[in-house]
Amino acid sequence: MASIGSSLPFILETKTESSVLLHINSYHRLRLSFFMYRPRMSADSTGFTGSASGYSVLGLCSGLIGGCSRRRLWRKKPSRLMALGSEEGSDESEDTLQATIEKSKKVLAMQTKLLQQIAERRKLVSSIKSTIADSEEEIASYDQDGSSFPNMDLSAADDDENSVEGQNDIVVSSSYGHSTEQKPETLPSTTSKGFVINERESKKPLPQENAAAAVHSTRKLEATSLDTEWSEPLPSFLTNTQSSVLEHEKYVDLTEPSLQVEDNGASDTMSEDVKLPPLAGANVMNVILVAAECAPWSKTGGLGDVAGALPKALARRGHRVMVVAPRYGNYAEPKDSGVRKKYKVNGQDFEVAYFQAYIDGVDFVFIDCCIFQHMGKNIYGGNRMDILKRMVLFCKAAVEVPWHVPCGGVCYGDGNLVFIANDWHTALLPVYLKAYYRDNGLMTYTRSILVIHNIAHQGRGPVDDFSYVDLPEHYLDLFRLYDPVGGEHFNIFAAGLKTADRVVTVSHGYVWELKTSEGGWGLHGIINENDWKLRGIVNGIDTKEWNPQFDSHLTSDGYTNYSLETLKIGKPQCKAALQKELGLPIREDVPIICFIGRLDHQKGVDLIADAIPWMMGQDVQLIMLGTGRNDLEQMLRQFENQHRDKVRGWVGFSVKMAHRITAGADILLMPSRFEPCGLNQLYAMSYGTIPVVHAVGGLRDTVQPFNPYNESGLGWTFDSADKNKLIHALGNCLLTYREYKQSWEGLQRRGMMQDLSWDHAAQNYEEVLVAAKFQW
Ligand SMILES: Nc1ncnc2c1ncn2[C@@H]1O[C@H](COP(=O)(O)OP(=O)(O)O[C@H]2O[C@H](CO)[C@@H](O)[C@H](O)[C@H]2O)[C@@H](O)[C@H]1O
C-alpha cells in the first residue's frame, strides 16, 4: 500500500483533498474511496459529471480504474470534455489536461495491480458461487429411522443378538496386531519422507471444493495483500453463502459498473497462475481421524457430526486428511479398494476390506468386515464382548491403513502422520500404535491424539478383558484402574489417555470439569496427571450441512430456506410448516420449545418432565425428538397423549426432523446434566432459534447469557440441574419472546451472525497436531 500512497501526490493537488486523503495507506480508506466514486459513476460512467475541477481528475481516474481506456473516454465524450474545458476557463488548457492524463497513467499502473488483486478475489467469489450451486444440487438426505440407543459403555451392554456373524469370512492367520500379510519390505516412497502431496489436491491452486475455504483464503488474501483486517466478524452462516459474497462486495465493490466494463477474463487468467500457500503453511501433515461413526454414513450423535466435518476443515488448511470408520452398510460413494488384510481378534482371524471415497478434499476409508455389517443402527449394540471385539478389530485395522490403502494412488505412509482417535471406542489405537509399532522401531514418526467427546463411557469391564485386546502383559497396568464405585477394573479410555501424545476435549468448560471427581467419572486422576497434554477446543458446525440458507430438508413440505436477511419471513414459514407436519395448531404467536437428543440421564430429559406441569400452564408448544432409555421414550409418548394440542414426542432418530425442528422452533431447551460441548445449541443459534441451557461444559462456553440492559448475549442459562432454575430461565425467555420483540430479534441475529464454522477449531487442532508431531 505504500506505493499507493506515494503514487498519489498529484491527486492531493486537486480541490478535493479531504476526500482524496482517504485513499492513502489503508484498505479501509481505499474502501471509502470506492464508495465515494460511486454516485458520480452511476450518473455517468465516464466520471465527468462532477462540477468541480478536482472531480475531473478523480473522475478520469475512476474511469481508468473501471477499465475505460483513455482513448475510449475521448472517443465517447468529446463534447462533454470540451464543455468542461469551457467551464474551467482559459487557464485549463489542453496541455494541462494532457499533463494530467500523463500523471493519471501512473495511477493506472497502480490501479492495474489493484485490479489483479480484485480479480483474484472475484475468482474466489465465483468459486464460492459454484460451491453453492454444487451444494444445492447435492441431496444429503441421509435419514435414519428407528431407535437405536448408543449404549457406549461396555459394562452396560447386554444385547446378544449381534454376535459375530459371517464365520465363513474368517480366515486363519497368525500374529499379534499386525496384518498377517507381509508388510511391504519397502514402504511406499512417501513413508519415510512424510507428507505426500495428494495429486488430486496438488493440481489445485487452492482447495475450492468448499466455499468456506475460499472465504477463508479470501480473508487471508485481504490480510496479506491489502494489509488490513475485517472490521467485523463474518457471520457464520454466511461463510459459504451468497451473502458472504455480498459482504465481500461491500468492501471491494465488484458490482461497480466501472469495474466490470473491461473485465473480459484477462484478469481471471492472471489470477489462475496465483497459487496460495496452504493455510497450514509449513505445518502441513498427514492426518487420519479414526471414529466409530461418521456422518452422513453413520451417526448416533455428535461424534458422527464431528468425524464428518472436522476433517474437511483440516483439509481446507492444506493437510492431507483421511477418515477411517467401520463400513456398517453398503454406502453409495465408497468403492472397494481391492486391498484385503487379516487381523486376529481373541484368537479368531478376520479378513477386512477397505472401501474408499474422496469427498470434499478428504479421503474416507471404510473398513469392511462381517462383524460391522448391518450394525449401522446399533453401532454400540451387542453384548460387551461383541462391542469389544469390534473395537479391537477396528483399531488394529485402522492403524495400518496408512500402509495399505492407496488414496489417489498413493498410501499416506507413516511419516509426518498423526492419528486422531475419538472416545473409548478408538482409545486402543494409541495403545496399539505404541505396543505393536513404535516399541518395535516402526511408525517412528507417527503420533496420536485422543479426543474426549464424552468421558462417561469408558469401555469398562473386568480386568480379565485384557486378554481380548491382545497386548503384551506389561501393558496391563495401563488399563487397570481402581475406583471406589467400580473397584478394580479394566478401562480402555484410561489406557488411551495415558498413551496418546496429546489429548483434546471439546470445550474449555469440559476441560475443567474433567479434572473434578464429579466430571471425570473416575478418570479425573489420570486426567490431572496428564494435564500438560490436555487442551479444550470447542467444536464447530458443518456450515454446509447445517445452514438455514441451503438446508436441503427445508425445500419441501412448506418449509423454506432462509437467511439473516429473510429471517422474518422464512422462519415463520418453517414454523407453520412444522406445526402442520406434526399436526399442531398453526399459530405464529405461540412459542415452540424443542428438545433434540439422546433420551438419557446426561441430557436432563427428566428435568423437562418435572417442568411439564408448569409448561403446560403456559401458552406454548413443545416438540421433543429423541431415542434412548425405554422409560424416557415412553414418557415422551405419554406427554403427547396427555397434551395433544401442545406436545409432540417423536421417538426415533430422524436427521430430517432434527433439521426441520431446529428451523421451525423458537426455543431450544438443553438442560443437560453435563455437556462436553453440545452441537444442537450451535445449530439452533445459526438457525435463529434461542437456546435455554444448563450452564455446563460447552453450553457455558457457547451460550452467553442474555443481558437486557445492554442487549447482549445469545440465550438463557441456569446454573444447576434443577427444575425451578429451568423454569425461571425459560420463563424469562418466554417473557422476552412475547413482550420484547426487538430484543428477541437481536438475540436471533447475534446467534446467526456468529462464526461457528469448523475453521477456527481446525486451526486449534492444527496446533495440537504440531505439538504431537514434535512429541518424543
Ligand atoms: N433423535 C435424533 N434424531 C436426529 N438427530 C439426533 C437425534 N438425537 C440426537 N441427534 C443429533 O445428534 C447430534 C447430537 O450431538 P450432541 O453434541 O448434542 O450430543 P452427543 O451427546 O451425542 O455428543 C457427544 O459428542 C459431541 C461431539 O463432540 C459433543 O458435542 C457432546 O457434548 C457429547 O455429549 C446432533 O447432531 C443432533 O441433532
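Results, tabulated for the structure shown:
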read-out	value
When the convex hull of its Cα atoms is projected in every direction, mean area for segment 721-763 (nm²)	4.4
Extreme residue, positive dipole direction of segment 324-464, given options 365, 338, 455 (C-beta unit charges)	455
P(r) weight above 15 Å for segment 561-638, C-alpha pairs, percent	62
Kirkwood-Stokes translational diffusion coefficient of segment 599-702, alpha-carbon pairs, 10 °C, 1.306 mPa s, µm²/s	113
Inter-label distance, nm, simple model (7 Å from Cα along the C-beta direction), residue 444/residue 642	6.7
Dimensions in Å of segment 524-668 - Rg and Dmax from alpha carbons	17.8, 56
Along principal axes, Cα extents of segment 342-415, largest first, whole Å	38, 27, 18
Taking 297, 403, 424 and counting other C-beta atoms within 10 Å, the order from fewest to most	403, 297, 424
Ranked packing of 392-398, 597-603, most packed first, by mean Cβ within 10 Å	392-398, 597-603
Approximate spin-label separation residue 517-residue 370, in nm, with each point projected 7 Å along Cα-to-Cβ	4.8
Measure of compaction for segment 411-483 (Cα Rg per 2.2 N^0.38 Å)	1.20
Gyration tensor over alpha-carbon atoms, segment 464-556, equivalent ellipsoid semi-axes in Å	35, 18, 13
Evaluated over segment 658-774, the Cα radius of gyration and Dmax, each in Å	15.5, 56
Extension reserve of the residue 95-residue 619 stretch, reckoned as 0.36 nm per residue once the Cα distance is removed	180.7 nm
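Where a number appears in this text, it was derived from the coordinates with a stated rule and is not lab data. Predicted model only: the values in this text are computed from it and were never measured. Heads up, the Cβs are rebuilt from the backbone with ideal geometry, glycines too, and the neighbour counts pull from every protein chain shown.
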